[in-house]
Amino acid sequence: MMKAAIRTSMFRSVMAVAMTLCTVALAGDRHIIVQSTTSTQNSGLYDHILPIYEAAAGVQVRVVAVGTGQAIKNARNCDGDVLLVHAKSAEEAFVGQGYGKQRFDVMYNDFVIVGPRDDPAGIRGLSEATEALKAIASLSLPFASRADDSGTHQKEMQLWRDGGVDPIADSGTWYRETGSGMGATLNIAVAMNAYAMTDRATWISFGNKAEHSVLVEGDPDLFNQYGVILVSSEKCPNTRAEAGQHFINWLLGPDGQEAIAAYSLDGMQLFFPNARPNDPS
Amino acid sequence: MRWSLCLGLPPKDMPMHDDGPSALQTGTTPILPITGKGLFVRRKGRDLLDVQDITIGGRGTTVLVGPNGAGKSLMLNILAGLKAPDRGTVLWNGVPPSRSRYCRFGMVLQSAVLLRRPALSNIEYALRAVGHDKVEARNRAHRALADAGMTKLASASARVLSGGERQRLALARALAVQPDVLFLDEPTSSLDPASVLAIERMVKAASDGGMRIVLIAHDLAQARRVSNEIMMMHNGRIIETAPTDRFFDAPKSAEAAAFIAGKILIS
Amino acid sequence: MQDFAASFAEAFQLVFGLNSGLLEVVWLSLRVSLTAVAVAAVIGLPLGAFLAVSRFPGRAVIIVTLTAMMGLPPVVVGLVVYLMLSSAGALGPLQLLYTPTAMIIAQSILVLPIIASLARQTLEDLHVEYRDQLMLFGLGSLARLRTLLWEGRYSLLTALLAGFGRAIAEVGAVIIVGGNINHVTRVMTTTIALETSKGNLALALGLGIILVAIAFAVNALVFVSRAAAERYAHA
Ligand SMILES: Nc1ncnc2c1ncn2[C@@H]1O[C@H](COP(=O)(O)OP(=O)(O)OP(=O)(O)O)[C@@H](O)[C@H]1O
Ligand SMILES: [Mg+2]
């Protein structure tokens, strides 16, 4: 009767849960987790290179894409096997504290400053990023900052410091701290006619550029280096060190470097491999 | 006929009133007589019930009469163990009511609650609840439905039956379990004459079979037809208890006389 | 800004192109949210029923707490579950972070208060009507709860649907504990967030339209089957 019906439905729910748990446990066998950045993910790089690696190695690479700051925090919590981010000093601190073994350069691209077509600050074509930022600040023109402790944000703060400007003092007026990822910040910049700093890969693959374009590029200060670190199995005994190392070796080796170089969008290469596998920094 | 069929219930049966070891007596003991002593309920300064001594035992049908708000339903609910009085005790054959003994006790509430399932399943449910197996419950439910003249409605949804059909189904469900005692709270209110007679026939048959029946009614003609004893309540008290003929022919109290004469009783 | 027409075009293209990636994401969304609702129901319905029929000190506090928790911010739940499931957390050894199971856990927590609170209210009203009759059946307290749940099943379905609506639509919790990993933990809402951040606004909105359509379909399915069941044998 109804008792039986209820029992059956409860039984089914419990079974559903059990089955989910089982599938997860099984699928959990051959994979590694890479804590990485939104810029690499949003640009589509992983969609390009990971299938190549997975086919060769038979190991699934699961990418968690967050800001560099959060990626490092997650890795510190032992919630990843490999860290692939772009904030060299923070990465070196991570290694220095023993959370990672060694840091290797993997690839680079560059940052650019984008802004509205009419460019009220007149920064188009400037060769020095700090000059451009100073011009924006002096006219109090809107600038959208990620303000999320990401690699891009750390770089941006460095440039403000170099230019002797403290934008935080004006936060909420012309300086807008979005607290969001690169894409979300670009959406805001486009909507507000604001300037913003972004990595080139995200910009090229960004689908909502509207009237915005790249205004400042090519300054050596805008160099954007990506590094990779294996999470230490001494700090984090549960890490899949072997599989993680295998992935890193592949990235730094000829196959991985070639795969990175081969990725382009609209005829433009997004990342430039520059690994020196025998030379950790 | 066997009226006292009680089936094995789980021994870990929870007594509703925890009165020590006696409360653990299970459904295998008879529940008659049902007695109430010093039953008292007061709300907002008004005595809703004040019954010093009431015993329901023996055989036959007692009809409980009295004006609206006299406390009839309240008293039956208390005797049924559904409500606790402010003071006083209810005993079923010397032991407070406990859950397992409801297999010998039946009641059709003033507003009968039918379950959201077909008519037949409603009866099956009650039978399963007292421990009949599936097959037995189904057979008995079919029989009970047939006795109530409702075979055609077996698969009709209980919640969409007409008022009269609902009353009959509720009665059939209570009878199916074959309790020793059956309380009926206005089982024929708002029914057409044929339905009233149908219900009265079922009650009479049960009574003839040995089931002790207590029925609340406002229709004095009905009271005459089905009862062999009348109990009259007023303002929470039992005014008079008498054999049916005596009650109507020679009421002892002034209230009873006024009530029979159709005069409103001012409380 | 892309206009709405473009989003609808994207949505249709996605649906009728029978994009396998889309199917995967839709399927995972449904699997995670439906499982979360099932888990929350298995706990929340009996809890709601228990709170509806029993009286004990502290009951009011529990009810108010549960009701307040109906408005739990998904991000906060996500964060708490993350901290528990993180390798550094109490449940770290289970290795559940960044798996669908983690998402199910987070969504179950989000949905549980909704189901339990709505069930409590429904069953409390029902209990007023049924209490005496259930006593007369001579049922034990557990059997009474079960019957009450079954009698309230159609109203309780609404509670489950409310829970499902919250689960399928939230992004804050699943993106933190699931990590939005392609082919593993990427669901409709996290895909929408991702496409928005890539500036693919029309595509994001197109996915949003599909999400709404799925929620609509689930509700319609339940509505129709409930009506059929009610018509068939019950009321
Ligand atoms: N919980 C309660 N609180 C306050 N008053 C109550 C409560 N329950 C019942 N009463 C009152 O008790 C009185 C007796 O009620 P009861 O239902 O027993 O009357 P009755 O004799 O069955 O009347 P009727 O013929 O109308 O059914 C009524 O005046 C009713 O309003
Ligand atoms: Mg009454």
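Coordinate-derived values only; no laboratory data. As the structure is a prediction and not an experimental result, all values here were calculated from the model. Here the Cβ is made from the backbone with ideal geometry for all residues, glycine too, and neighbour counts use every protein chain on show.
Structure summary
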read-out: Test item: Cα-centred dipole of the range A:147-240, Lys/Arg +1 and Asp/Glu -1 on Cβ, debye; value: 380
read-out: C-alpha long axis of helix A:129-138 to longest principal axis of chain A, angle in °; value: 70
read-out: Rounded Å value of the spacing that divides the Cα centres of the range C:180-235 and the range B:60-132; value: 49
read-out: Kyte-Doolittle at least 0.0, axis length at least 20 Å by Cα - qualifying DSSP helices, chain C; value: C:20-53, C:100-136, C:153-169, C:201-232
read-out: In sequence order, calculated HN-Hα J values of the range B:236-249 (Karplus, 6.51, -1.76, 1.60; Hz; x Gly/Pro); value: x, 10, 8, 7, 7, 10, 7, x, 3, 4, 4, 4, 6, 7
read-out: Under-5 Å amide H pairs with A:Tyr226, H placed in peptide plane, nonlocal only; value: A:Val106, A:Met107, A:Tyr108, A:Asn109
read-out: Cα-based helix-to-principal-axis angle, A:241-252 vs chain A, degrees rounded to 10; value: 40
read-out: Value of [θ]222 nm, deg cm²/dmol, for the protein assembly as shown, DSSP H segments ≥ 4, -39500 (n - 2.57) each, nearest 500; value: -16000 deg cm²/dmol
read-out: The protein assembly as shown shape via C-alpha gyration tensor axes, a/c threshold 1.5; value: prolate
read-out: Cα gyration tensor shape of chain B, rounded if a/c is under 1.5, else prolate or oblate by comparing a/b with b/c; value: oblate
read-out: Total charge dipole magnitude, the protein assembly as shown, about the Cα centre, Cβ charges on Lys, Arg, Asp, Glu only, Debye to nearest 20; value: 4680
read-out: Per DSSP, loop trypsin sites (Lys or Arg not before Pro) in the range A:108-138 with at most 16 further Cβ within 10 Å; value: A:Arg117, A:Arg124
read-out: Straight-distance crosslink candidates among aspartates and glutamates, where the alpha carbon sits under 20 Å from B:Lys44 and sequence neighbours closer than 8 are dropped; value: B:Asp86
read-out: Unsatisfied cross-links (Cα-Cα over 21 Å) in the set A:Lys101/A:Lys155; A:Lys155/A:Lys235; A:Lys209/C:Lys198; A:Lys73/A:Lys101; B:Lys37/B:Lys83; A:Lys73/A:Lys155; value: A:Lys101/A:Lys155; A:Lys155/A:Lys235
read-out: Environment charge of A:Ile52, counting only residues whose C-beta is closer than 11 Å and scoring Lys/Arg +1, Asp/Glu -1; value: -4
read-out: For the range A:59-108 versus the range B:195-217, the gap between their alpha-carbon centres in whole angstrom; value: 84
read-out: Rounded Å value of the spacing that divides the Cα centres of the range B:34-55 and the range A:245-281; value: 91
